[in-house]
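Everything below concerns the one structure shown next.
The values are calculated or read from the model by the stated rules, or taken from the named source; none is laboratory data. All values reported here derive from a predicted model rather than from experimental measurement. Every residue, glycine as well, gets a Cβ built from its backbone with ideal geometry; the counts of neighbours run over all protein chains shown.
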Amino acid sequence: MHTDQVLGIISTVKVKAEGVDEYIRTLMTLMEQHSTREPDCIDITVHRGADDPTLVMLYERWRIPPGRFVREQMTKAFIADFTRRTRHLVSADEDVTYWLATEVVAEGRRTALAGQAM
């Protein structure tokens, strides 16, 4: 994978209504303290469902191949700690999908990313 290619990760999880604020607060603390300080992390955005505020989506962008992300990032101790600390707040298993960016439209311009045809 080229270093200028971008891995997008979309994680969605259903959280108990009474635990949404605590879940997001804990998640944001984790992101600030750990993930966003990683050199391969571009950014991370947390969303709440517009129609269902108990649905939380995490959108991450990384400059790292998917396999390496799973091996190096998902096995870190703070991920297991977060899961343990928030398990009681979650009402359904998390769904995670991995995406490779192919093109970007920004400021009215379309750009193909390295190794991708337009």
**Prompt:** Which members of region 1-46 meet the condition of being modelled with pLDDT of 95 or more, polar (S, T, N, Q) and more than 16 Å from Asp93 (Cα to Cα)?
**Reply:** none
**Some residue of region 18-26 being touching a residue at least 12 places away in the same chain (Cβ under 8 Å), assigned to a helix (DSSP H, G or I) and touching a Cys at 6+ places or on another chain (Cβ under 9 Å)** = no
**Request:** Restrict the check to region 47-54 and report whether at least one residue is basic (Lys, Arg), modelled with pLDDT of 90 or more and either touching a Pro at 6+ places or on another chain (Cβ under 8 Å) or exposed (fewer than 11 other Cβ atoms within 10 Å of the Cβ) (or both).
**Result:** no
**Complete:** Residues in region 64-116 that are surrounded by fewer than 13 Cβ atoms within 10 Å (Cβ to Cβ), more than 16 Å from Met31 (Cα to Cα) and among the polar types (S, T, N, Q) total 3
**Item:** Filter pass, Ala80 being of a type in the set (A, V, I, L, M) and in a loop (DSSP other than H, G, I, E, B)
**Value:** no
**Request:** Exactly one condition in (1) part of a loop (DSSP other than H, G, I, E, B); (2) of a type outside the set (A, V, I, L, M); (3) out of contact with any helix residue (DSSP H, G or I) (no Cβ under 9 Å at 6 or more places or on another chain) is not met by Thr45; state its number.
**Result:** (1)
**Checklist (1) under 12 Å from the mean Cα position of the chain (by Cα); (2) under 21 Å from Arg84 (Cα atoms); (3) surrounded by 15 or more Cβ atoms within 10 Å (Cβ to Cβ) applied to Arg61, failing item** = (2)
**Complete:** By residue number, the members of region 27-41 that are among the acidic types (Asp, Glu) and not in a loop (DSSP other than H, G, I, E, B) are Glu32
